[in-house]
1. Toward the positive end of the charge dipole of segment 492-579, about the Cα centre and with charges on Cβ (Lys, Arg +1; Asp, Glu -1), which of Ser508, Trp520, Val539 goes farthest?
2. Asp556 label point, 7 Å along Cα→Cβ, cut-off 13 Å on backbone N: hits in segment 573-590?
3. Looking only at Cα atoms, what is the convex hull volume of segment 257-322 per residue, in Å³?
4. Using a/c under 1.5 as the rounded threshold, could you call segment 1-109 rounded, prolate or oblate? The axes a ≥ b ≥ c are square roots of the C-alpha gyration tensor eigenvalues, and prolate needs a/b larger than b/c, oblate otherwise.
5. Under a Cβ-Cβ cut-off of 12 Å, what is the net charge of the residues other than Ile413 that fall near it, where Lys and Arg count +1 and Asp and Glu count -1?
6. Largest first and in whole Å, what are the equivalent-ellipsoid semi-axes of segment 267-421 based on the Cα gyration tensor, each being the root of 5 times an eigenvalue?
7. Taking segment 543-609, which GluC sites (Glu not before Pro) meet the DSSP loop condition and have no more than 13 other C-beta atoms within 10 Å?
8. Count neighbours as other Cβ atoms within 10 Å of each site's Cβ, and list the chymotrypsin sites (Phe, Trp or Tyr not before Pro) in segment 579-674 that are DSSP loop with at most 14 such neighbours.
Amino acid sequence: MNVKEIISTLSIDEKLSLLIGKDTWNTVGIEEKGVPSICVSDGPHGLRKVCTDENGQTFTKEAVCFPTASAVSATWNTELAKKVGQAIGEECAANDVDIILGPGTNIKRTPLCGRNFEYFSEDPVLAGELSAAYIEGVQSTGIGTSLKHFATNNQEYDRLHVSTEVDIRTLREIYLKPFEIAVKKAKPTTVMCAYNRLNGIYCSENKFLLNDILREEWGFDGFVVSDWGSVHDRVKSLKASLELQMPYDEKAFDALKRAYENGAITDEEIDSAVERLLNIVFRLYNNRNHRVKEYNLDAHHQLAKEVALEAVTLLKNEGNILPIKKEAVKSIAVIGRFAKEPIIQGGGSAHVNAVKTDNAFDRIMELAGSDIEIKYNDLCTSWPNTSGINNIGEALNFANHSDMAIVFVGSPINDESEGYDRTSITLPSQIEDAILKIAAKNPNTVVVIQAGSAIDMSSWIDKVKGVVFAWFTGQAGGSAVAEILFGLSNPSGKIAETFPLNIEDTPSYVTYPGNGYASWYAEGLMVGYRYYDTYRKEVLFPFGHGLSYTTFEYKDLSIAPDTASEEDEITVKLKIKNTGNMQGKETVQLYVRDTDCKVLRPDKELKAFCKVDLKPGEEKEVEFKLDKSAFSYFNTSLNDWHVESGKFEILVGASSRDIRLKGNVYIQSNFDYS
Ligand code: BGC
């Protein structure tokens, strides 16, 4: 029997029951009619399967904790994002999970958002491409995904009710774009709606969002699942095209039944929702026959490390203080408890029960061997409360008597989590103070920061020689950091979000978090580097910044054709050469600037990127293909994407503020306002 035939055998009660979860993690199955139940679990940076033991106690199964999304995005490596997805898919298969609840692709509007560690970027193209790659990886193993949180869940403060007030152009170009890219490219099996309202209407009831755009315009053919407890009116949400309400809610069935009986919802509406749901349920259930139920734990740990090695971002390296030079450095003061007990992820529903956790200290000891003396001080004895520093005397003594000091700091435990936002983007003042004191004792001080989102370092950064941003790099992040410090691996991470000088400089500063009812996205398109670069604002580190132990030369830019119509594909080529003496990877970023525009456009926008691996002296050609989406903006009068005729600059570089090559292309529009 096909899905339609099966539906024709179901009673109305059976059909309605399918539209609400069976419990917290499973869909309803109707065995006697051949309808299976499938199981969903969080994600996204590892499997979080919640189980119940024989005493009725819930526990989370162990799984490999991969670097979180903000770390994955710092790799700018879609192949790695795909491999992570695939590995997580394998762990789902082995644990009888059919759908992983991720990836999260919301735009980082403010560095305060508590869930930024779960999101990729402030840039929609980067977030969209990485999400698509992750989805392709997961779904290649026969497991489903849930692209979330659709849409504009950009703050945790008041997330259950806040109305995000966003103009249509901004919505399309910034906040919906990563979803659009991922849906069109990778076809996720499900999309999870956000808790919040969008322009006054709950996302769970938002027909414009869930039906008109997602389904009708983008061709989404999976089902929409509610965020857990985000449905306020089951009838309205069904009409908006939300097929599955999660978790089980006894009132929802009665509401649907009443609405059916009084004619507010029709058989046709119910049947088509059930069909959309069951199409996926059957697809995933049937996939169970082909799934591989075993995976290699060590290989997954190694993959977590490979990603961490590419995510760790060298932000500052004055006088090439790094990598550590064994011929010159005979003693190192390693300071800070994070060296031994790293924070590998943020909190909330994404929290993975990691199989094991590497720490930087053990690997530093191995790498230092007998050549370098390591003196360790944990800085704070009242761990995990990092504000309780009471060991500073010994730390300063060690710093004073060592060739180098490496200070491990980070976001305080529980500072970055689902459910609430950060209140500050600086490190705790006691930690900042400790960094300053240590740097005063040792001129060769390097700070390693573990955090999921941007940190304001302005009060101390000038006093230290090196800064390594270690993100929340999962269970293998500790050893990855040590290997980068010692130069076993060349850092290639680049920040996927601007690091501002301070929170007051951020474009949403004056409107975030709203008045408790609404949050006005008054900065419009000017999110992240779009704002800083358009308004020529000084930043701590620009979008796309990240250093290497080697150097790269960019040359020979060519653009063909250089005069084209809006349907033409433009080919951009350039060469990149490793001009240093260490093998390294460089992320080449392509930005487009509309110079002749009549409408407001940001100074430049990322349209393509790729990561290139080069041996010393090696040169490679990089090629990008640009289509209309690289030049268009969302024209609200036409209610469509529109290209204006004129000159566009192609800017290729190592960050949004480090443009190495420039060229022009002239595009002829199909429609120009006279
Ligand atoms: C989160 C989702 C998560 C769900 C299930 C919600 O609170 O917002 O991201 O997938 O819970 O745990």
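Derivation of every value follows stated rules applied to the coordinates shown; laboratory data play no part. Everything numeric here is computed off the predicted structure, so don't read it as measured data. Cβ atoms come from the backbone with ideal geometry, glycine included; neighbour counts cover every protein chain shown.
1. Farthest towards the positive end: Val539.
2. 573-578
3. On the way: hull volume 13.6 nm³, N = 66.
Per residue, the Cα convex hull of segment 257-322 comes to 206 Å³.
4. Values: a/c = 2.49, a/b = 1.73, b/c = 1.44.
Prolate, since a/c reaches 1.5 and a/b exceeds b/c.
5. Values: positive: Arg337; negative: Glu341, Asp415, Glu416.
Net charge around Ile413: -2.
6. On the way: eigenvalues 420, 87, 39 Å².
Three semi-axes, in Å: 46, 21, 14.
7. Glu567, Glu569
8. Details: sites: Tyr591, Phe609, Phe624, Phe631, Tyr633, Phe634, Trp641, Phe648, Tyr666, Phe671, Tyr673; in loops: Phe631, Phe671, Tyr673.
Answer in residue order: Phe671, Tyr673.
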